[in-house]
Amino acid sequence: MEVVRPEFLPDPGRSREEMEALQREIAGVASFADDLGFDPSDAALDATPDEQTGLDAADAPVIVGVDQAFRDDESVSAAVAIRDGAVVESAEGRAPLEIPYIPGLLAFREGGAIVDALESLSVAPDALVLDGSGRIHFRQAGIATHVGVLFDVPAVGVAKNLLCGTPREPLADPLPAGTRVPIDADDSMDAPAGTVVGYAFQSRQYPNPEKRHVNPLYVSSGHRASAETAVDLVAATCAGYKLPEPTRLADAYADELK
DNA sequence: GCGACAG
DNA sequence: ATCTTGTCGC
């Protein structure tokens, strides 16, 4: 695929102020409304052809999971494309690590490798699933938003920890599988207070949560999807594990490359 | 000054 | 994210 907004490429050499200004600009052109072009349920891994309503495996949407691993002074990005639960293509990208990890500026540290990987992908993704936040970000432009806007493709962010925002209800330790708790914007964010910027989503849970439990995922829209649809897509691509399959596969491939 | 923060 | 074995619970 190809970058369609090169002016938004994450340049690690910019000053912090310039990076933040770019993120506000990106948030301005990002869309947090549904514009997927497919039904999230059709992204289910077990989308077996159904004579009545199902679609052919060849017509199922292509979901691309993206994740990074680090080796010495370089970032290695892995992009794994899945269609109907099967891997149709894998790509890798690399870029030198030029800046340290700074909360809120993750895209400027890892974005280069991600762009490198996605540019070498020959299939056209119907949606991207990235590790990190989308709209759950101080300036509503997390790494999922940044990458989604760069390529103008639907994107969702899946994080294991909450960067900012406030769960509408306190997150009980063992949340039942399937639970969705809205994440409201707080004072640290640009979004108007009360805006639902994402969801805490319990993708799976152990049989006896009282003894051992799984923490929820923090899902947010990156681009061209609503917060609800972002969760629907993640829920459809989970296969019994905490992380959605596209992410798990990209994670494993990135480690393999490293 | 203190707190708080994806990967 | 990464450094790392066993161990607990399912």
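The values are calculated or read from the model by the stated rules, or taken from the named source; none is laboratory data. What you see is a predicted model, and the numbers here were worked out from it, not measured in a lab. Cβ atoms come from the backbone with ideal geometry, glycine included; neighbour counts cover every protein chain shown. For the accessible areas, the whole protein counts, side chains as well, though only heavy atoms, and no ligand, DNA or RNA atoms are used. Shrake-Rupley method; radii C 1.70, N 1.55, O 1.52, S 1.80 Å.
The table that follows gives values for the structure above.
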item: Test: residue in the stretch A:115-122 that is touching a strand residue (DSSP E or B) at 6+ places or on another chain (Cβ under 6 Å), open to solvent by 10 Å² or more (accessible area, probe 1.4 Å) and free of Cβ contacts under 8 Å to residues at least 24 places away in the same chain; result: no
item: Test: residue in the stretch A:192-199 that is touching a helix residue (DSSP H, G or I) at 6+ places or on another chain (Cβ under 6 Å) and surrounded by fewer than 21 Cβ atoms within 10 Å (Cβ to Cβ); result: yes
item: The stretch A:242-258 - residue that is closer than 19 Å to residue A:161 by Cα and away from DNA strand C (no atom under 12 Å from the Cβ) and, of those, most open to solvent (accessible area, probe 1.4 Å); result: A:245
item: Filter result for residue A:253 (more than 21 Å from residue A:89 (Cβ to Cβ), within 18 Å of the chain's Cα centre (by Cα) and within 16 Å of DNA strand B (Cβ to nearest atom)); result: no
item: The stretch A:218-241 - residue that is more than 13 Å from residue A:144 (Cβ to Cβ) and within 15 Å of DNA strand C (Cβ to nearest atom) and, of those, modelled with the highest pLDDT; result: A:241
item: Failed item, numbered, when residue A:100 is tested on (1) within 22 Å of residue A:245 (Cβ to Cβ); (2) within 15 Å of DNA strand C (Cβ to nearest atom); (3) without any contact (Cβ under 8 Å) to a residue 40 or more places away in the chain; result: (1)
item: Among (1) over 17 Å from the mean Cα position of the chain (by Cα); (2) within 16 Å of DNA strand C (Cβ to nearest atom); (3) of a type in the set (Val, Ile, Thr), the one test that residue A:66 misses; result: (1)
item: Any hit, the stretch A:62-73, residues being open to solvent by 20 Å² or more (accessible area, probe 1.4 Å), modelled with pLDDT of 95 or more, within 14 Å of DNA strand B (Cβ to nearest atom) and closer than 23 Å to residue A:226 by Cβ; result: no
item: In the stretch A:2-49, the residues that are more than 18 Å from the chain's Cα centre (by Cα) and assigned to a loop (DSSP other than H, G, I, E, B); result: A:2, A:4, A:5, A:11, A:12, A:13, A:14, A:15, A:46, A:47, A:48, A:49
item: Which numbered condition residue A:125 fails, given (1) part of a strand (DSSP E or B); (2) away from DNA strand B (no atom under 15 Å from the Cβ); (3) open to solvent by less than 50 Å² (accessible area, probe 1.4 Å); result: (1)
item: Within the stretch A:131-145, tally of residues that are under 18 Å from residue A:248 (Cα atoms) and surrounded by fewer than 24 Cβ atoms within 10 Å (Cβ to Cβ); result: 1
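For every residue, the table says whether it meets (1) open to solvent by less than 20 Å² (accessible area, probe 1.4 Å); (2) more than 14 Å from DNA strand B (Cβ to nearest atom).
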residue	(1), (2)
A:181	yes, yes
A:214	yes, yes
A:222	yes, no
A:235	no, yes
